[in-house]
Structure formats: C-alpha cells, structure tokens
Protein chains: 4
Amino acid sequence: MIKVGVVGAAGKMGSEVCKAVVADSGTELAAAVDPFSPGALVHGVVVESDLKALSGAGVEVAVDFTHPNAVFENALHCLEAGIHVVIGTTGLGEDEIGTIEKAAADSDANAFIAPNFAIGAVLMMQFAKEAARHFERAEIIELHHDQKADAPSGTAIRTAELMEAERGEWPERPDSVESINAVRGGLVGGVRIHSVRLPGLVAHQEVVLGTDGQTLTIRHDSTDRSSFMPGVILAIKEVAQRPGLTVGLESLLGF
Amino acid sequence: MIKVGVVGAAGKMGSEVCKAVVADSGTELAAAVDPFSPGALVHGVVVESDLKALSGAGVEVAVDFTHPNAVFENALHCLEAGIHVVIGTTGLGEDEIGTIEKAAADSDANAFIAPNFAIGAVLMMQFAKEAARHFERAEIIELHHDQKADAPSGTAIRTAELMEAERGEWPERPDSVESINAVRGGLVGGVRIHSVRLPGLVAHQEVVLGTDGQTLTIRHDSTDRSSFMPGVILAIKEVAQRPGLTVGLESLLGF
Amino acid sequence: MIKVGVVGAAGKMGSEVCKAVVADSGTELAAAVDPFSPGALVHGVVVESDLKALSGAGVEVAVDFTHPNAVFENALHCLEAGIHVVIGTTGLGEDEIGTIEKAAADSDANAFIAPNFAIGAVLMMQFAKEAARHFERAEIIELHHDQKADAPSGTAIRTAELMEAERGEWPERPDSVESINAVRGGLVGGVRIHSVRLPGLVAHQEVVLGTDGQTLTIRHDSTDRSSFMPGVILAIKEVAQRPGLTVGLESLLGF
Amino acid sequence: MIKVGVVGAAGKMGSEVCKAVVADSGTELAAAVDPFSPGALVHGVVVESDLKALSGAGVEVAVDFTHPNAVFENALHCLEAGIHVVIGTTGLGEDEIGTIEKAAADSDANAFIAPNFAIGAVLMMQFAKEAARHFERAEIIELHHDQKADAPSGTAIRTAELMEAERGEWPERPDSVESINAVRGGLVGGVRIHSVRLPGLVAHQEVVLGTDGQTLTIRHDSTDRSSFMPGVILAIKEVAQRPGLTVGLESLLGF
C-alpha cells in the first residue's frame, strides 16, 4: 500500500484524486492538504492547511492539483522532504520545470509531470503519431462544449506536432479552393485542425488519416473527470521507479 | 411501365441512369441519346445522336445528365415535344430556369430539376432544418476526397441556409478565442462549416446540433454513384403528376 | 411568467427541474414539494412536505418526478385542484393512465406524460421513422454505460417499432451467415438492434439506414441530466393549451 | 527500381496491383502472367500464360493474387526460380504454408504472406491490442455491405483474439440483462462483436474501448480496392530483406 498525500484535496480534481486513491487496492490516502479548507473531512481524512502534514503522515507520494502559482513551491518542498511528487497542475514555466528537474536529481525522491492524465488521450496521440508515417494526409477535429476558452485545444496542437515530428514533411496533395473563408481549418505542422464548439459536448478529439481507398480514425471521448484517475494512479505507482524528473504519461505506458 | 429516354446516355451518370431504369420494374429504357457515342450499345439499346429519337421511341419521360451548355436546349426540345423532363445537369442560370418554367407551364409535359438526387442527402437537409428550431447551435462537418475542387460543398451551404431560414437568428452563445487562425471554420447563416479533405474519403456530411446535455448528429455517406439512382427513378415516376416546373427532390418526398 | 410547482423537488431529476424553471425567463419556481426533505432550501424556495402547498402558492403547472407509487395520487390531486400536471415519472399502468385521462377530461386542468424528455431523442425517433420509407434496411446501435440494467434500451425498441409502423414490412435482402452466434444482433420489427455496454459511455443511440451507394445515420448523445430540461420546460409552457391528456413529447413538436 | 511480376494480372486485384506497381517510383512492371487472358495488354505489358515469363523478364519479386488452388504451386515455382514472392491469395492450408516456409528457407528467395494488405486495418488491430491493457472492456462493431457472405468478418475475430492474447482475461464487469435475444452480440475472446449489414456500406470496423469516464475508438474505413495497394508495395520493397517466410503486414510495420 503506497501512502499518498493529496495537495489541493478540496478542489474538484483533488477530491476526485482522494476518492480514486481510497478506491484503489494498492494506494492509501494518508494525508489531505488544502489551505482553503482546513478541518474539512475528505474520504475520512481531515484536511490540513500545511504541507508539513505530509511528512507527519509518512506520505511516500504527493499528488498536486493546486494552482499555477502554488505548484512550484509545493513540488520543491516535497522533493526536499524526500517525498515523490506527481504534478497535474499546468502552467509551470520552462525555468521552473528546470529547477524541479535539478531538485529531483539531487533528491532520493522523484518528480512526474503530465499535461493530460487521460490514458485514452495519450494513446490517441501515440497512435496518431505511429500512423502518420503510413498515411498521406491527416486532419484533426476536436469538439468541446462552448464554455471552453480557447481553440484549438492543447491536445490537438500537441497531436499535430507529434505527427509532424515523427513523419517529417507531409507530401504535396491537391486541395480545395475555399469559396468561404476558413472552412478548411487552421494549420499546425502540416495538419488541418477543426475546432467544433457546441453546448452538449464534453471533450472529444478525432484524428482522421487518409490514403487511397481508406481512412483510419482515432477518437477519444472524455465524459467525466474520473477519466483522469487511472493515469494519476498509474503515476503514483510508477514515480518511485523513475529517478529524476519524468514528463508525460506516455513515458509510463511504454511508448 | 414508364417509357424512359436517357440523354447523355454514354456518360458516367447517364449510363448509371440507363442501368437503373432497366433494373426498375416500373420503368423501361426506350431510347438512349448521346451525340458523342452514336451506335454504341447501352443496356441493349442502341445510342442515337439526335433528340428526335425520343419521340420516335414513344418516350414519356426524358432524363438529362449532359452538360451545362446542352441541357437548356434539350429541356426545351422535350417540353415542346410533349415529353416530361427530369434534369440532373447543374449549371443552369436563373433566366434559363425561368424560361423552362414557362415552357413547362405552356406544355402538357412537366419539368423537374434537382441539384442533388441522393435521397439521403435530401433527408439530411430536411431533418437538419426541422431540428434547428430545437437546438441552440449547430455546426457542419463535410468530408470529401482531396480531388474535390471547392470547399465547402454546395450541400453544406444549402444546409446552413435552410437551417437559418427555418430558425431565424441563432441565439448568442459563448465562443472560444482562436489561438490559431481559422480553426473555428467558416460561417454561413450562423452555422460554422468545417471542410475536411483527405484521400480515401468519398462524400460525407455531418450536421451536429447541440443544446445543454445533448447533441443530435445527422450524417450522410455517399459511397457510390448508384446512390443518386433511387432519387432519379422517383423523379421519373412523379414528374407526370406535377404540372409545370418542380425544383428539388424534397418536394417529391412530402416535405 | 408561468408559476410552477415541482413535486419530488429534492430528488436528482426534481432539483434539476427546479434549476431549469428558475433559469427560464418564462417560468417561475412558485413551490417545491418533497415529503423526504421538508424545510430544505431549493433554489431559494423552502421545500414543503404536502401537495397543498401547490394551491397555496398559486401554482399553475405542477411537474412530477417522484416515484411510481406516488405519481398517480399526485396527478389526480393536481387535476382536482385545477393545476395542470407534467409527468416525467415512469411506471404508470394503463389503467392508471386511463384514470388520469378521465380526470383531465373532467377538469379545466390538463395532463401531459412522456417517457423521454430529451428533445434530441424524440427527433431521432421521428427522423428514423420518416427516413424508413426511403431506405431498404436499417439497423440500430445503442450504446450505454455498463451499469444499465436492461438491453436493448426502451428507446431502441420504440424506434424500431415506429419505423416498422411507418414502413410496413421491409423488403427481402441478402444476409450474412453467422459463424459466431448472435453477432447479427436482436430483431425488433424487422430492424436489427445491437446493444453496446461499456464503462465511459453515457447514453447514445445511432440509427443507420442503408440503400444502394449511401447510408444515413441519425445519432443522439445524452451527456447530462440537463438534456431533459428543454423538453420539460416545453411541456410546462404547452400543457395549458392541450385539453385532456397528451402523451409523448413528439406531440408538442408538431409531429 | 525493383522488377515486379504480377501473377493473376487480369483479375480484379491483380490488375490493381499492376497499376500500383507502374505508378510507384521504386517499382517497375516487368511481367504479367494470367492463364485466363494471354495476349491481353495490362498497363503496357503483354500478359503471358506461363510462369516462366517471370524469369525471362528478370523479375525479382512476384506478387500472387490468383486462386486458392493455384497459389501454392505458383509460390513454390517462384522460390525455386530464386524469385521473392508476395502472396495475397487467401485459403492456403497450414501444411501448405509449412512447405512454403521450408522452400523459402532452402532458397535465396523469400516469401511473404498476409491475409489483409490494408495498412489501416493492420494499424487498427495493433492499436486495439496495445490499448486493451489500459481499458476495462472493449466491443467491436464491424459494418459491411449486405452481400458479404459471413458474419463476423475475419478481421473482427482476429482483432478480438489479439486483444485477449495481449491482455489475458478481461475483468468482471456488470452487464445488462437481454430482454431481446442476441442484442448484446457474439463473444470472441471476452470481446462482444456486433456485425452490421446494410446496402450502401463498404467495409468498416470500429473498436470501442471503455474505462471510467472515457472511451477510445479506433475505426478503419475501406472505400476502394486501392486501399490494399500501399501494403502490397511495401511488401514488394521489403521481402528481399526478410529471409525465409514472413507472415502478416504488421511485421513490416515495426510492430
């Protein structure tokens, strides 16, 4: 049983992580930290306001889903205290990631960072990358609810970049002339991206690859925040075996 | 058995029409006309070069899949000869259509024109129109092989126009800010259109409508030229009962 | 502003209805009734335990999402009190529905019952019915989370029945021989139904119709309980104009 | 430029292979053999009736798309003559494959056999296999035109077997009770398979994998016989580097 501490335990993602840790037979919720909700009860554990509670409870792995302005200090604190840290909070700068990398190298504890913990999304990106070599053109359609602030999604951009990195340049192909501006979508790494925004959607992406006489479609649908939990649990179980800093869930999946 | 004459009988669409007319138990291929292939044998019928062959064979309904520069004269010839005419050739101007309308009104014979004879495409447009009133936003994704000259497809434009005509203005909704130009697609009648072009695709369109907690998707896939034949046969059977000029397959489907 | 009372206001569906009534500019939450949570506050309204609160608050339309064993008495109470009633609770027997019909006929107040309030699901069924006449064969794929007790879904059965009622018998077509038992699905009204059950799915149905060279697909995806609210709000607004008993959301949508 | 000979050159697949060989910049059509059409002209090459024409033309790689009762002798002939052979004809028994394996081991020439040359189908199977470890349940929906003789498709069975081989047993999950027989499909290796048969379809397969809150879908669509050509060309280019017998396109794709 791995002793886990959740930082940001009272937030939406944090409380979901607490639930997942309690439910998994290989992990145990040893501590919950959240400066905004001290004293609250999360899955049978009293929320503490200070990170010191982690060491006090014998935590081996800390999971951080807090805020861009808190995660950096939290991570350094854990590594110095000899606690492995799994970071789901986004928004860390390159310099900060470099500092965390050094801290992890100097410590017996390790760090893991990933922008997306949905195993299906990671597989979609990897499969799209592998398939890119075998097809002549690909396009990405990503579909999200209309409250989403930005277009395209970060996952769509990352997918297009991975495909180009694997493939090099795409071959010249004929293309339609636009009679209405922008219908052919936006271009990233030789791949057209189309962003659909509709109420009723959640978070979906479809990568369509084509060559003569056939298409291959790889689609990921997220319908619930729980979709990120298997990835988080996997990271909790793997971080101890990965010295230093590891980036991206794909590296834990053997890709 | 309706006696049918096919004009442009040696062309790709024309020969497909001949085949469909022969196969249907309610129609009979009485004459085949094509100035480019006189003497050829099409489904047991010798191709003639002159339209006069239609009257000679007792043709009741002529079907025209020829060229934009031939169809107008062909249609007038048929109507004057008392032969109903079903027109699948596109590219007629508004003036020409007006002239055909008058000719049909003055004749015992009737005319029928449609830009798209795939019954599924017509149903898709009608259903999208009907559904538009009940949803808060819709987007169209049309997908074609990369040899297609234009984007978006005429069917996509027509679908968006029909939806707006039925609905009036769409309500204000939040939208994502584009970090990459054009990913949100092109706008027609308040509906975003996304055109995908890939080798391996044939001709497909998906209309996605969304409102809180649900989406409705109406999709048409054409995989073969034969998809247009049921619409052509329906028009052949119906044109005699529709005095004057009738436009659009939807009018034969009870919409 | 229509004055609405919600019965079963503290339940999952009931509290969602309260929220929707408050949010709509044409409706007002005048009373909330739930014998299990008297005194609770639901969207600013104190929950009462007794139906008498409806009349006291001047409720014009009551919405019932309670239990099979409570809805019948609730409905009769409302109709006798001159309050229109919208019933979303399922499980009423034919006799009970007959009694409600008579009570509605004898009252100035009307009743409305529907098994499914998702407007998209109703449209899917109607469109499938309309399309059935124009295609040679159809199959239904319905996909739900694996906690769902039964297969196929009631909506799938209803869709197949509606298609057959509209079309009469489907034409004879060739079929594949099963080398593995049951892969061709179950048969309802000449339509094959395939039930997919997977964790991660919510509630989805796809009707695929085929004829030579083309297919038409009509798909409904529910991702949230909120998908039923537009249908409930529509029923609230329409019930006063529909004397007696009205069954099925489709009757309010002009089908 | 690899000198290629096509056996069965006048058949549907064979003539498509000739076309592909001519079109590719790395291959050259040196000979065409077909006992049923000697003297015919295929892409500028005169069809010969005898396999001896291969050696006479200096063929390095022969491609066989003939008949189950001809392919075995053809393959042995080629290997004895020192010509690499790519076999697309299906129906070889295990004993015959064993004999070909020995012949290839004893020869400087190599043999390659695959049941499916569509690169997209191979990728779909591989990705489904890789993804199986990360999801709790999977189902396969395969969709074909209604002229197809059997259900399910061989590709669907192979996919389910590959997934089980990779994963071992799938975990216990709840399931729906069937109120209509067979709606839950047929079972292969712990995976439910659903076979859809409709006019208008060509050849499609969808593997849907689910775990809490997410699904991953991998879909392959074949729309034309040309979809098999990139796989054939790849095999032509690779067979010389693969001593002995190689089975399955996946082995050339680095899986």
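Filter the range D:222-235 down to residues that are more than 10 Å from every other protein chain (Cβ to nearest Cβ) and β-branched (Val, Ile, Thr) and give me whichever is surrounded by the fewest Cβ atoms within 10 Å (Cβ to Cβ). Break it down into steps so the answer makes sense when it comes.
Of all residues in the range D:222-235, those more than 10 Å from every other protein chain (Cβ to nearest Cβ) come to D:232-233, D:235.
Still in the list and also β-branched (Val, Ile, Thr): D:232-233.
Details: D:Val232: 26, D:Ile233: 22.
Per the criteria, the residue is D:Ile233.
Every residue, every condition in (1) crowded, with 21+ Cβ neighbours inside 10 Å; (2) free of Cβ contacts under 8 Å to residues at least 12 places away in the same chain, yes or no:
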{"position": "B:Leu216", "(1), (2)": "yes, no"}
{"position": "B:Lys237", "(1), (2)": "no, no"}
{"position": "B:Thr246", "(1), (2)": "yes, no"}
{"position": "B:Ser251", "(1), (2)": "no, yes"}
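Take the range C:183-196 and flag every residue that is of a type outside the set (Lys, Arg) and crowded, with 20+ Cβ neighbours inside 10 Å. Talk me through it step by step, then tell me what you get.
Pass one, the range C:183-196, residues of a type outside the set (Lys, Arg): C:183, C:185-191, C:193-196.
Result: C:Val183, C:Gly185, C:Gly186, C:Val188, C:Val191, C:Ile193, C:His194, C:Ser195, C:Val196.
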Note on the range C:71-121: residues under 18 Å from C:Val33 (Cβ atoms), of a type in the set (A, V, I, L, M) and in contact (Cβ under 8 Å) with a residue 24 or more places away in the chain are C:Ala75, C:Leu76, C:Leu79, C:Ala81, C:Ile83, C:Val85, C:Val86, C:Ile87, C:Ala109, C:Ala111
Of the conditions (1) part of a loop (DSSP other than H, G, I, E, B); (2) closer than 19 Å to D:Leu29 by Cα; (3) among the aliphatic types (A, V, I, L, M), the single one that D:Leu92 does not satisfy is (2)
Subset of the range D:143-162, residues crowded, with 21+ Cβ neighbours inside 10 Å and closer than 17 Å to C:Pro174 by Cα, comes to D:Leu143, D:His144, D:Ala151, D:Pro152, D:Ser153
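Kindly establish whether A:Gly168 is crowded, with 24+ Cβ neighbours inside 10 Å and of a type outside the set (Asp, Glu). Working first, answer last.
Details: crowded, with 24+ Cβ neighbours inside 10 Å: no; of a type outside the set (Asp, Glu): yes.
No; evaluated as a whole, the condition is false for this residue.
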Within the range A:12-23, the residues that are surrounded by fewer than 19 Cβ atoms within 10 Å (Cβ to Cβ) and either closer than 18 Å to A:Val85 by Cα or modelled with pLDDT of 95 or more (or both) are A:Lys19, A:Val22, A:Ala23
| request: Output yes when any residue across the range C:187-206 is more than 8 Å from every other protein chain (Cβ to nearest Cβ), outside any strand (DSSP E or B) and in contact with an Asp or Glu (Cβ under 9 Å, 6 or more places away or on another chain), and no when none is. | output: yes
By residue number, the members of the range A:115-142 that are at the interface with chain D (Cβ under 8 Å from one of its Cβ atoms), outside any helix (DSSP H, G or I) and not aliphatic (A, V, I, L, M) are A:His134, A:Phe135
*asked:* For the range D:46-57, check the following and say yes or no: at least one residue is assigned to a strand (DSSP E or B) and within 12 Å of D:Ile83 (Cβ to Cβ).
replied: no
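Of the residues B:His194, B:His204, only one is modelled with pLDDT of 95 or more, touching a Gly at 6+ places or on another chain (Cβ under 8 Å) and in the same structural domain as B:Glu130 (by TED's automatic domain parsing); which?
Values: B:His204 fails: touching a Gly at 6+ places or on another chain (Cβ under 8 Å).
Only one candidate qualifies: B:His194.
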* Asked: Would a scan of the range B:9-21 turn up a residue that is in the same structural domain as B:Val247 (by TED's automatic domain parsing) and assigned to a strand (DSSP E or B)?
  -> no
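Does the range C:144-155 contain any residue that is under 27 Å from C:Gly213 (Cβ atoms) and either touching a residue at least 40 places away in the same chain (Cβ under 8 Å) or not hydroxyl-bearing (Ser, Thr, Tyr) (or both)?
Our first condition is that a residue be under 27 Å from C:Gly213 (Cβ atoms); within the range C:144-155, this holds for none.
Within the range C:144-155 (the criterion being under 27 Å from C:Gly213 (Cβ atoms) and either touching a residue at least 40 places away in the same chain (Cβ under 8 Å) or not hydroxyl-bearing (Ser, Thr, Tyr) (or both)), the answer is no, since none of the residues qualifies.
For the range A:30-44, what are the residues that are surrounded by 20 or more Cβ atoms within 10 Å (Cβ to Cβ) and either closer than 16 Å to A:Lys3 by Cβ or not assigned by TED's automatic domain parsing to the domain that holds A:Glu80 (or both)? Walk me through it before giving the result.
Restricting attention to the range A:30-44, the residues satisfying the condition of being surrounded by 20 or more Cβ atoms within 10 Å (Cβ to Cβ) are A:30-34, A:42.
Those that are surrounded by 20 or more Cβ atoms within 10 Å (Cβ to Cβ) and either closer than 16 Å to A:Lys3 by Cβ or not assigned by TED's automatic domain parsing to the domain that holds A:Glu80 (or both): A:Ala30, A:Ala31, A:Ala32, A:Val33, A:Val42.
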Checked against (1) modelled with pLDDT of 95 or more; (2) within 25 Å of C:Ser251 (Cβ to Cβ); (3) of a type in the set (Gly, Ala, Ser), C:Gly88 satisfies every condition except (1)
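Can you pull out the residues in the range B:210-255 that are of a type in the set (A, V, I, L, M), part of a strand (DSSP E or B) and in contact with a helix residue (DSSP H, G or I) (Cβ under 7 Å, 6 or more places away or on another chain)? If you could, list the steps in order and put the result at the bottom.
Let us first name the residues in the range B:210-255 that are of a type in the set (A, V, I, L, M), namely B:216, B:218, B:229, B:232-236, B:239-240, B:245, B:247, B:249, B:252-253.
Applying the additional criterion that residues be part of a strand (DSSP E or B) yields B:216, B:218, B:245, B:247.
Within the range B:210-255, B:Leu216, B:Ile218, B:Leu245 qualify.
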Of the candidates A:Glu28, A:Glu73, A:Glu60, A:Glu94, the one satisfying the condition of being at pLDDT below 95 and charged (D, E, K, R) is A:Glu94
Checked against (1) out of contact with any strand residue (DSSP E or B) (no Cβ under 9 Å at 6 or more places or on another chain); (2) surrounded by fewer than 20 Cβ atoms within 10 Å (Cβ to Cβ), B:Asp175 satisfies every condition except (1)
Every listed condition ((1) of a type outside the set (Ser, Thr, Tyr); (2) more than 29 Å from D:Leu92 (Cα to Cα); (3) at pLDDT below 95) holds for D:Gly189 save (2)
**Request:** Restrict the check to the range B:163-178 and report whether at least one residue is at pLDDT 90 or above, in contact with a Ser or Thr (Cβ under 6 Å, 6 or more places away or on another chain), within 11 Å of chain A (Cβ to nearest Cβ) and closer than 16 Å to A:His194 by Cα.
**Result:** no
Every listed condition ((1) in a loop (DSSP other than H, G, I, E, B); (2) at pLDDT below 95; (3) at the interface with chain D (Cβ under 9 Å from one of its Cβ atoms)) holds for C:Asn181 save (2)
Q: For A:Leu92, indicate whether it is assigned by TED's automatic domain parsing to the domain that holds A:Val46 and closer than 12 Å to A:Asn110 by Cα.
A: no
Q. Does at least one position in the range B:90-98 carry a residue that is more than 14 Å from chain A (Cβ to nearest Cβ), crowded, with 24+ Cβ neighbours inside 10 Å and closer than 30 Å to B:Val202 by Cα?
A. no
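Output the residue which, of all residues in the range C:58-89 that are in a helix (DSSP H, G or I) and touching a Leu at 6+ places or on another chain (Cβ under 8 Å), is farthest from C:Ala118 (Cα to Cα).
Going residue by residue through the range C:58-89, those that are in a helix (DSSP H, G or I) are C:68-80.
Imposing the further condition that a residue be touching a Leu at 6+ places or on another chain (Cβ under 8 Å) reduces the set to C:68, C:71-72, C:74, C:77-78.
On the way: C:Pro68: 20, C:Val71: 20, C:Phe72: 23, C:Asn74: 23, C:His77: 27, C:Cys78: 24 Å.
Top of the filtered list is C:His77.
The values are calculated or read from the model by the stated rules, or taken from the named source; none is laboratory data. Nothing here was measured: the structure is a model prediction, and the numbers come from that model. Heads up, the Cβs are rebuilt from the backbone with ideal geometry, glycines too, and the neighbour counts pull from every protein chain shown.
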